[in-house]
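Student: Could you have a look at this structure, given as structure tokens, before my questions?
Computed from the coordinates by the stated procedures, all read-outs in this text should not be read as laboratory data. The structure presented is a predicted model; accordingly, all values stated were derived computationally and were not measured. Backbone-built Cβ (ideal geometry, glycine too); neighbour counts: all protein chains shown.
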Amino acid sequence: LAQLPRSPEKALSDLESAEKIAPDRLEVLQNLAHVHSEYFHDLDRSLSYMKRIVQIYPDNESSLADYCVLLARLGRIEEALEAMQELESGIPRSPPTQYQMACAHALISKVRPESKTIALRYLWRSIT
């Protein structure tokens with residue numbers, strides 16, 4: 001990641017090398033998802049890494065919240081809502097996770113206005 005933001009290609013190459021050494025390492029997969037999403041704007045490739053993460057680490061609240069946001073960004077509303085329901089059933093408590101849930105619901109509110117209220121509730125919880 002030291003290559004970012006100057007050289008995302010080099011960062012990606014380094015991360016792909018790390019993946020060969022440690023294919024199930026959470027940090028490597030998270031960073032691969034991040035680089036594909038934010039530097040290469042390849043949300044589908046990012047989603048493939050996030051799917052792996054939530055399969056390998058199903059109890060990782062932060063990763064599941066990231067997955068929800070990414071699904072919402074892709075417009076895969078039903079999948080995002082299903083993933084959020086799973087996360088919500090675990091009663092997310094950390095402020096960063098609640099903020100991510102607010103973000104996912106805010107994205108969904110573009111097609112489901114009732115999600116605005118839910119987004120605001122999560123946003124409030126994240127800052128109080």
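Student: Could you compute the FRET efficiency for Trp124 and Glu86, with r as their C-beta to C-beta distance and R0 at 25 Å, rounded to 0.05? Before the final figure, lay out the partial values.
Tutor: Details: r = 22 Å, r/R0 = 0.88.
So the FRET efficiency works out to roughly 0.70.
Student: Quickly work out the Arg45-to-Glu27 label distance, labels modelled 7 Å from Cα along the C-beta direction, and quote it in nm with one decimal.
Tutor: The two pseudo-label positions are separated by 2.3 nm.
Student: How much net charge surrounds Leu81 when only other residues with a Cβ under 13 Å from its Cβ are counted (Lys, Arg +1; Asp, Glu -1)? Don't skip to the answer; put the middle values down first.
Tutor: On the way: positive: Arg76, Arg112; negative: Glu78, Glu79, Glu82, Glu86, Glu88, Glu114.
That works out to -4.
Student: Work out the charge dipole of region 44-111 with +1 on the Cβ of Lys and Arg and -1 on the Cβ of Asp and Glu about the Cα centre, then indicate which of Pro58, Pro95, Ala72 is farthest towards its positive end.
Tutor: Ala72
Student: Tell me which aspartates and glutamates have Cα within less than 18 Å of Lys110's Cα, excluding those fewer than 8 residues away on the same chain?
Tutor: Output for Lys110: Glu78, Glu79, Glu82.
Student: When the Kirkwood radius is taken over all Cα pairs of region 44-114, what Stokes-Einstein diffusion coefficient follows at 20 °C and 1.002 mPa s, in µm²/s?
Tutor: 180 µm²/s
Student: Please give me the summed charge of the neighbours of Leu12: other residues whose Cβ is under 11 Å from its Cβ, Lys and Arg +1, Asp and Glu -1. Intermediate values should be presented prior to the final figure.
Tutor: Numbers: positive: Lys10, Arg45; negative: Glu9, Asp14, Glu16, Glu19, Asp42.
With Lys, Arg at +1 and Asp, Glu at -1, the net is -3.
Student: What Kirkwood hydrodynamic radius, in Å, does the chain give when the mean of 1/r is taken over all pairs of distinct Cα atoms and then inverted?
Tutor: On the way: mean 1/r = 0.0663 Å⁻¹.
When all Cα pairs of the chain are included, the Kirkwood radius is 15.1 Å.
Student: Any chance you could list the semi-axes, whole Å, largest first, of the equivalent ellipsoid that the Cα gyration tensor gives for region 33-81, using √(5λ)? Don't skip to the end; give the middle numbers.
Tutor: Details: eigenvalues 52, 36, 13 Å².
The answer is 16, 13, 8 Å, longest axis first.
Student: Using 7 Å Cα-to-Cβ label points, what is the Lys116/Ala18 separation (nm, one decimal)?
Tutor: Calculated label separation equals 4.0 nm.
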